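What follows is a set of notes on a single structure, which appears directly below.
Since every read-out is calculated from the coordinates, none of them should be taken as a lab result. All values reported here derive from a predicted model rather than from experimental measurement. Glycine also receives a Cβ, built like all others from the backbone with ideal geometry; neighbour counts cover every protein chain displayed.
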Ligand code: UDP
């Protein structure tokens, strides 16, 4: 019998995302693999999503990227009760065998409250959970709701109540990894890249300072708050500073951006993004938070670019120090490590990605977890 999965990708961006988009990249990678394995996929997303699926439900008219990291019920200015109604209606369909949910807070609380009326649910945790316990306060009684992490270290930091619902972790693997086998190796340049949204946790300020001190060219790629292009941020004026990431950029990163040693190129996408990462001497992750899943870390390996990072969150799970990258507990060492990373072998990185982080492997692992969740839910 065909398994029908309702995949809830959230209200933030279309799937696949136009450029930046961690959750959306994962969904865009996972769904085609699941369908290849015979799964019927109903996608709950925004109207502008173009990913081929068996059925699409547009929960929001368009991406709500400006509301990233705000509580879900504030995204569209609707009440929690209204949103609970939407989620309830969505999940009450009787043709759904399992919900694979990527959206925190309201969705989970509603499901827990639905009790035996809810379909079995696997919820993928995407955040640093120790920092967001409030999102998961309401799992009590949600016996049909199970969670999975995106790394072992993420789950280890999760509140105990949440860990009790866990069925394990699945490492991430995204479209860059899909394209990597078709991506002919490009010649290495001199630059180092930091790919990711500009945010204190991702540490672009530290990376930029070290670029000047150690003397390596650094390209910062990624959005600043809702702004994808330098000219859009420049045109936005003072009001833009209400966004904390914009303030962070202006106060702590921009002073180092001289257009020469350190450049901010905005959000990069598609082939440009792949080439930027593949031609870099290293991908730098000067993290100040416990990185939960490290999408861009795995992408870098798949493109043959070694990773230099603070040994935080999932990094020690993904990177083998001395082979696929260099890790340190002392952020001041990162500059020297970047210079040493040229000695690492791009092929080792690609081999590691092909061995551990393929989309097919990710889909197979999710199928196993779906089965486990459904069996658990079938028990009295
Ligand atoms: N990304 C992109 N263009 C950019 C910056 C990021 O395509 O300019 C993609 C990146 O390749 C990755 C995702 O956005 O797939 C970011 O995910 P990550 O897990 O690194 O960041 P987070 O989800 O923590 O914001």
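Quick notes
- Where labels lie 7 Å past Cα in the beta-carbon direction, separation of residue 375 and residue 330 in nm: 4.9 nm
- Between residue 238 and residue 113, residue separation times 0.36 nm minus the direct Cα-Cα distance comes to 40.7 nm.
- Sorted on the mean count of surrounding Cβ atoms within 10 Å across their residues, most packed first, peptides 295-306, 43-54 read 295-306, 43-54.
- Relative contact order (percent, whole number), the stretch 233-380, Cα cutoff 8 Å, 6+ residue spacing: 18 percent
- Comparing Cα centroids, the stretch 286-321 and the stretch 258-278 end up 18 angstrom apart.
- Share, in percent, of DSSP beta bridges within the stretch 195-342 that are antiparallel, nearest 5: 5 percent
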